[in-house]
1. Name the residue, out of Thr189, Thr184, that is exposed (fewer than 15 other Cβ atoms within 10 Å of the Cβ), touching a Lys or Arg at 6+ places or on another chain (Cβ under 8 Å) and touching a residue at least 12 places away in the same chain (Cβ under 8 Å).
2. Could you give me the residue pairs with C-beta distances under 6 Å whose first residue belongs to the stretch 154-171 and is outside the structural domain of Val89 (by TED's automatic domain parsing) and of a type in the set (D, E, K, R), whose second residue is modelled with pLDDT under 70 and surrounded by 14 or more Cβ atoms within 10 Å (Cβ to Cβ) wherever it lies, and which are 6+ apart or on separate chains?
3. Which residue is surrounded by the fewest Cβ atoms within 10 Å (Cβ to Cβ), if the candidates are limited to the stretch 150-181 and must be hydrophobic (A, V, I, L, M, F, W, C) and outside any helix (DSSP H, G or I)?
4. When residues of the stretch 201-227 are filtered for being among the β-branched types (Val, Ile, Thr) and buried (at least 21 other Cβ atoms within 10 Å of the Cβ), how many remain?
5. If we keep just the residues of the stretch 226-242 that are out of contact with any Lys or Arg (no Cβ under 8 Å at 6 or more places or on another chain) and either assigned by TED's automatic domain parsing to the domain that holds Phe176 or among the acidic types (Asp, Glu) (or both), which is farthest from Asp155 (Cα to Cα)?
6. Sort through Leu208, Leu245, Leu194, Leu231 and tell me the only one that's at pLDDT 90 or above and closer than 29 Å to Pro268 by Cα.
7. Where residues in the stretch 83-132 are in a helix (DSSP H, G or I) and among the charged types (D, E, K, R), which of them is surrounded by the fewest Cβ atoms within 10 Å (Cβ to Cβ)?
8. Hey, Tyr127 hits all of (1) hydroxyl-bearing (Ser, Thr, Tyr); (2) modelled with pLDDT under 90; (3) under 20 Å from Arg214 (Cβ atoms) but one; which does it fall short on?
Amino acid sequence: MAQNSKKYVADVLIFAISQVALYFGKDELKLNEYEEVILSEVVFSEDITVTFDRLDQIIWSLKESVIYPLRYPQLFASKSGLLGVPKGVLFYGPPGCGKTMLAKALACESGATFINLHVSTLTDKWYGESNKLVAAVFSIARKLQPCIIFIDEIDAFLKERRSSDHEVTGLMKAEFMSLWDGLTTDENTQIVILGATNRPTDIDYAFLRRMPKRFAVKLPNDQQRKSILQLANQKLEENFDYDWLVANTVDYSGSDLKEACRNAAMIPIREYMRANASDGNLTDIDPSKMIIRPLRISDFFIPDTQAENNATTGSAVDDPICSFNDDEGLD
C-alpha cells in the first residue's frame, strides 16, 4: 500500500512538472528534489480569480511600482535599475482587512507566477535541509519569473533575531537574506518578495529595510463598509437602512462584516425551519417551494458588547502605520 502511494505521488509530481514546462513553452523543466517540494506552493496567475475592486488608493501605487514593471520590463529598464520592480513589498494592517486577497489580486493583475510560501514547507528535521529548501524557493522563482514569493504572517518567519534563537533558524534566515540580496544585483530579475503582517514592528529591521514598498491596509471606511455589505447581502426588504448598518459597524474589518452578514442571513432560515420542520428535517419539503423572507435591518442587531468583541480596532498597528512612512494607505 505504501509503495503504491509513493508511486502515485511521484506520478502526480512528474505530471505537474510537465505541465509547468508546457505553461512556460519549454520542452522540459529540470527541477532538483528540493525544487520539487516547493513546486506544491506554486499557483499560476490564470488560476487566481481574485481581482482589484474598490481599493483605488492602493491600486494605482501598486500598478506603478509593481504591476507595470512586471508586465512591461522593457519600459522600466534602466542602467541604474532605479525603475525596476522592487525586490520587497509589505502589506500591513489589522487582521481581516484583505491583505492576503490583495496579494492574490496583485499576482493576477501582474500575470506573475505566485509562490504561496508556507514556512512549514521550509522546516526539515535534518540539519542543513532547510537551507537547501530556502535556496530552492529562489531557484524555482528564477525559472518561473516573473514571480511573486508571498509569505503570509511574515513576522512569524522573519521576526527580530535574538541570541536565544535556535541555530538552524538563524542559518535559515541568513540564507534567506543572502539570496534576497542576490535579487538586487541582477537588474533583469523579476522576482518580488511580498509579505503580509498585522505586527510589522515584530519583523527584524534587516529584513524590513529590504521591503522598501510598504502599504497600509486599514479598516474599511464608511463607503467601503457599505460596498462590502451591499456585495454580501442580496435579498433585502424594501427600504433597507444601509446607513444605520454602516454607522453601527465602525471599526469592523472585512471579515467581521462577512461574519455579521452570515449570522444575519441565518435568522430567516432558522425561522423557516422552526415554522416548517420542528424536528429539523427538511427532506419532505420541495426545495422549489421553500420561500425564505428577505433580510431585515433587525436581523443585524449588534449589541455593544458583541461589537467590541468582534471589531478589529487595529490599535496594535496604529503606531507603526504612523512611523512606517508607507507608500499608500486606505483611510
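The values are calculated or read from the model by the stated rules, or taken from the named source; none is laboratory data. Owing to the predicted nature of the structure, the values given are computational and were not obtained by experimental measurement. For neighbour counting, all protein chains shown are included, and Cβ atoms are generated from backbone atoms with ideal geometry for every residue, glycine included.
1. Thr184
2. Every condition considered, no pair remains.
3. Checking each candidate, the answer is Ile151.
4. So the answer is 2.
5. For the stretch 226-242, the residue satisfying everything is Glu238.
6. Leu245
7. Restricting to residues being in a helix (DSSP H, G or I) and among the charged types (D, E, K, R), the top hit is Glu129.
8. Tyr127 satisfies all of (1) hydroxyl-bearing (Ser, Thr, Tyr); (2) modelled with pLDDT under 90; (3) under 20 Å from Arg214 (Cβ atoms) except (3).
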